[in-house]
Amino acid sequence: MEILKERILKEGKVRNGDVLKVGTFLNHQIDIKLLEEIGKEFKKRFSDCDITKILTIESSGIAIACMAAQSFGVPVVFAKKNTTKNLDGGVYSSQIYSFTHGKTYNVVVSKEILLADDKVLIIDDFLANGKAVQGLANIVEKSGASLVGAGIVIEKSFEPGGKEVRGKGIRVESLAKISAMSPDGKIEFED
Ligand code: 5GP
């Protein structure tokens, strides 16, 4: 997706060698117009699929998932971190190691919200080691719903997540694939 790649090149900042900061349009300040285009692109890529719910993880995936959901005309469900007390009817849970925070979260979705006849598309901002996508896929599996695939805004394809997730038979569509990043700020795309 060219307009996304241009924004990454213009505003992305490489930190600690493997973390890309995109706080000016995706993770802190949010460019709604760009997100609208991202939502439409996900809809185009998964147009062959019958999707009933979009699943993401709080917090950075929520805005992206909401814009995508508008294109699909379906609700967004976000997995909550560390919340077990105020969800009625029990939860599906999974342990997810956070790439950016360096700790493991217990992530939950209410059993009342994810249903066995749902067809679920996972949406997230980044794909790095694949823990977030695999944790969410695990929740979908526990619910008995079908997983259609995962839509990712930025995949860092020099990290192992993409290969691992696809190796498990999960369809992954990434709008920008970064093949290399260097500490001096150089960013290269796969295609
Ligand atoms: P994974 O679980 O695939 O290792 O990492 C994905 C999650 O970590 C995403 O939900 C995202 O929030 C965060 N993440 C991974 N890499 C980056 C990065 O380079 N920049 C930012 N801003 N977040 C990242």
Show log10 I(q)/I(0) for segment 128-191 at q = 0.14 Å⁻¹, two decimals, from a solvent-free Debye sum over equal Cα scatterers. -0.43
Stretchable slack from His28 to Lys119, in nm (0.36 nm times residue separation minus alpha-carbon distance): 29.8 nm
Residue with peak Gaussian network fluctuation, the chain [Cα springs, cutoff 10 Å], from Thr52, Thr100, Thr24: Thr100
Output needed for segment 28-176: three equivalent-ellipsoid semi-axes, defined as square roots of 5 times the C-alpha gyration tensor eigenvalues, in descending order, whole Å. 21, 18, 16
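Quick one: accessible area per residue over the chain, 1.4 Å probe, rounded to a whole number of Å²?
Numbers: 9210 Å² over 191 residues.
Normalised by residue count, the accessible surface of the chain is 48 Å².
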Quick one: angle between helix 2-11 and the longest Cα principal axis of the chain, in degrees between 0 and 90, rounded to 10, please. 70
So which residue, out of Lys111, Lys156, Lys177, gets the largest mean-square fluctuation from a GNM of the chain using Cα contacts under 10 Å as springs? Lys111
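Go ahead and estimate [θ] at 222 nm for the chain from helices alone: -39,500 (n - 2.57) per DSSP H run with n ≥ 4, summed, over the residue count, rounded to 500. Mind showing how you got there, number by number?
On the way: 5 runs with 57 residues, N = 191.
Rounded to the nearest 500, the figure is -9000 deg cm²/dmol.
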Rough spin-label spacing in nm, given labels placed 7 Å along Cα→Cβ, for Gln70 and Cys49: 2.1
Looking at segment 1-158 only, what percent of DSSP beta bridges run antiparallel? Nearest 5 please. 45
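Report D for segment 98-149 in µm² per second (integer): Stokes-Einstein, Kirkwood Rh on Cα pairs, 20 °C, 1.002 mPa s.
Numbers: Rh = 11.9 Å.
Estimated via Stokes-Einstein, D reaches 181 µm²/s.
Less than 11 Å Cβ to Cβ from Glu11, Lys/Arg counted +1 and Asp/Glu -1: what total charge do the surrounding residues give?
My count for the surroundings of Glu11 gives +2.
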Report, to the nearest 10°, how far helix 32-45 tilts away from the longest principal axis of the Cα atoms in the chain, using its own Cα long axis and a range of 0 to 90°. 70
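Test of the criteria: in segment 35-81, which chymotrypsin sites (Phe, Trp or Tyr not before Pro) are in a DSSP loop and have at most 12 other Cβ atoms within 10 angstrom of their Cβ? Each step should come with its number before you reach the end.
Numbers: sites: Phe42, Phe46, Phe72, Phe78; in loops: Phe46.
Of the chymotrypsin sites (Phe, Trp or Tyr not before Pro), not one in the loops of segment 35-81 has a Cβ with at most 12 other Cβ atoms within 10 Å.
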Angle, helix 131-143 long axis vs. longest principal axis of the chain, Cα atoms, 0 to 90°, nearest 10? 20
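The values are calculated or read from the model by the stated rules, or taken from the named source; none is laboratory data. All figures in this text were calculated on a predicted structure; none of them were measured in a lab. All Cβ positions, glycine included, derive from the backbone under ideal geometry; neighbour counts span all protein chains shown. In case anyone asks, the SASA skips ligands and DNA or RNA and just uses the protein heavy atoms, side chains included. Shrake-Rupley method; radii C 1.70, N 1.55, O 1.52, S 1.80 Å.
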